[in-house]
1. Working carefully through the options Ala193, Ala150, Ala172, find the one that is touching a helix residue (DSSP H, G or I) at 6+ places or on another chain (Cβ under 6 Å) and closer than 30 Å to Gly223 by Cα.
2. Of a type in the set (Ser, Thr, Tyr) and farther than 17 Å from Ile128 by Cα - does that describe any residue in region 170-182?
3. Would you please name the residue that is modelled with the highest pLDDT, looking only at residues in region 167-208 that are over 13 Å from the mean Cα position of the chain (by Cα), surrounded by 21 or more Cβ atoms within 10 Å (Cβ to Cβ) and within 19 Å of Phe240 (Cβ to Cβ)?
4. Residues that are modelled with pLDDT under 90: which helices (runs of 4 or more DSSP H) entirely in region 60-157 hold 1 or more of them?
Amino acid sequence: MAEDRRSQRPSRGTGSGGRPTGPRGGKGSSAGGRSGQSGGKPAARSGRSSERAERFDPTSDDRRERRGGRDSGGGGRPDRAGKGSRPGRKDDWKRPAEKQGDRTSEQARYDGPDLPEDITGKELDRAITAQLRGLPEKLASRVARHLAAAGSLIDDDPETAYQHTLAARARAPRLAVVREATGEAAYAAGHYAEALAELRAAKRMNGGTAYLPIMADCHRALGHPDQALKLAKSPSVANFVPEAKAEMTIVEAGARRDMGQLDAALRTLELAPLTSKTRASWVVRLRYAYADTLEAAGRLTDALAWFHRTHAIDSDEITDAADRAEALEKRIPQD
């Protein structure tokens with residue numbers, strides 16, 4: 001299904017408004033650099049330190065001995081003669097590294113992947129860092145570094161990017177910008193149910209509608225094209241900027257195809273500005289989706305013409321329109 005849907009998926013981050021620019025240069029988002037454009041690109045979870053892995057097991061003999069024998073029949077309280085020898089101090093309670101157990105999955109998620117030394121968090125756009133200012137300084141720095149790391153990896157290693165956003169979410173689950181980042185990274189990694197949940201949370205927090213195309217595509221991926229169509233008909237879509245409208249159109253047409261409604265999918269795309277004179281990427285994607293749907297409908301000659309039109313403006317080669325056109329030429333009988 002993923003292969004069939006490739007040409008019908010929206011690009012990540014297609015909303016309106018002033019979205020931030022991340023470390024990957026030019027395509028900004030809260031996931032350190034993904035291109036959404038709402039004010040505010042992760043399920044609520046309170047941050048808990050990985051120091052839990054260093055605590056003693058409550059049933060261990062060592063702990064009972066440190067408690068002055070109260071658990072083992074020794075009776076009495078421990079000697080408090082010297083301040084430095086108080087058994088309650090943090091240093092006294094650390095388990096030696098060789099005796100520490102494996103981290104739980106929750107601890108591993110909280111810690112997140114290792115942060116590259118060259119990622120400082122300053123790579124994030126000011127619009128994102130401004131939303132982190134309500135956090136304590138060290139916490140804000142850690143969250144920022146995870147978001148920036150996610151942005152630098154989301155294209156090449158989306159799964160690791162997703163793990164970075166989970167670490168940020170574990171520390172700051174009440175920030176819309178963090179929930180959005182987690183949603184976009186989950187979408188990139190193919191975790192569609194998680195992406196939908198996170199983007200819904202972000203939308204509840206800031207009222208943004210920029211996430212609707214991705215949310216609709218998540219519904220498609222989860223086998224609910226009818227829910228995707230409901231989002232495509234949301235009143236807010238009428239106020240989208242051209243790029244966002246194009247992305248929603250692509251998803252809507254894809255949902256129609258999922259339901260076997262090829263004619264309706266074609267009509268949906270034909271109402272979009274396919275002949276726009278701009279060479280923007282959203283026009284390239286619209287034309288490609290239209291050509292792909294024409295081919296699916298068996299209109300090979302028309303599909304060939306639109307693949308050529310797509311290739312003519314696809315200077316960045318974001319599609320394989322040229323290859324698709326070449327393949328079609330071999331299938332169409334020559335006069």
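1. Ala150
2. No.
3. Of everything passing the filter in region 167-208, Lys203 is modelled with the highest pLDDT.
4. Hits in region 60-157: 61-66, 105-111.
The rows are residues; the columns are (1) among the hydroxyl-bearing types (Ser, Thr, Tyr); (2) under 23 Å from Ile214 (Cβ atoms).
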| residue | (1), (2) |
| --- | --- |
| Gln107 | no, no |
| Tyr110 | yes, no |
| Asp114 | no, no |
| Ala127 | no, yes |
| Leu132 | no, yes |
| Gly190 | no, yes |
| Ala193 | no, yes |
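The values are calculated or read from the model by the stated rules, or taken from the named source; none is laboratory data. Please read these numbers as outputs of a predicted model, since none were measured by experiment. With ideal geometry, Cβ positions are generated from the backbone for all residues, glycine too; neighbour counts draw on all protein chains shown.
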